[in-house]
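Input: a single structure, listed below in structure tokens.
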Amino acid sequence: MTARPRPHLPMRPAWLCRNCAAPWPCGPAQLHLAAEFYGHSIALAFYLAASMQEAIDDVYGLGLRPDLQAMHARFLGWLSLARRSHRR
């Protein structure tokens, strides 16, 4: 019997990957999301923007100030790379 791979999902409020402990969306999560939302890049952008807003709210909830530029890069910055690879 083989074990199923664990999904790379966020653990809140830290927004770290439950599987690899990297900041979410980690590399494997990005690959999964790009495949899951293939052909629906606008829907993916909305999903990630909503997730980013939840992460920002969670950081404020912890009494901290989020680095908004870093959050944007983390949640949305990789989208143009994902789209570009599918256009070729």
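Taking the range 31-58 as the range and being open to solvent by less than 50 Å² (accessible area, probe 1.4 Å) and touching a helix residue (DSSP H, G or I) at 6+ places or on another chain (Cβ under 9 Å) as the test, the residues that pass are Leu33, Ala34, Phe37, Ser41, Leu44, Ala45, Leu48, Ala49, Ser51, Met52, Ala55, Ile56.
A search for C-beta distances below 8 Å between a residue of the range 47-68 that is over 14 Å from Leu79 (Cβ atoms) and any residue that is of a type in the set (Phe, Trp, Tyr), counting only pairs 6+ apart in sequence or on different chains, returns Ala55/Trp15; Ala55/Phe75; Asp58/Trp15; Pro66/Tyr60. Quick one: would you say Leu79 is at pLDDT below 95, surrounded by 15 or more Cβ atoms within 10 Å (Cβ to Cβ) and under 13 Å from the mean Cα position of the chain (by Cα)? Yes: the conditions hold for Leu79. Taking each residue of the range 8-20 that is closer than 15 Å to Asp57 by Cα and looking for partners that are outside any loop (DSSP other than H, G, I, E, B) and of a type in the set (Val, Ile, Thr) with beta-carbon atoms closer than 8 Å, six or more apart or interchain, yields Pro13/Val59. Taken over the range 21-42, the criterion of being in contact (Cβ under 8 Å) with a residue 40 or more places away in the chain and under 17 Å from Glu54 (Cα atoms) is satisfied by Pro23, Pro25.
The values are calculated or read from the model by the stated rules, or taken from the named source; none is laboratory data. In this text, all values refer to a predicted model and were calculated from it rather than measured experimentally. Quick reminder, even Gly has a Cβ in these numbers, built from the backbone with ideal geometry, and neighbours come from all protein chains shown. Heavy atoms of the whole protein, side chains included, go into the accessibility calculation; ligands, DNA and RNA do not. Shrake-Rupley method; radii C 1.70, N 1.55, O 1.52, S 1.80 Å.
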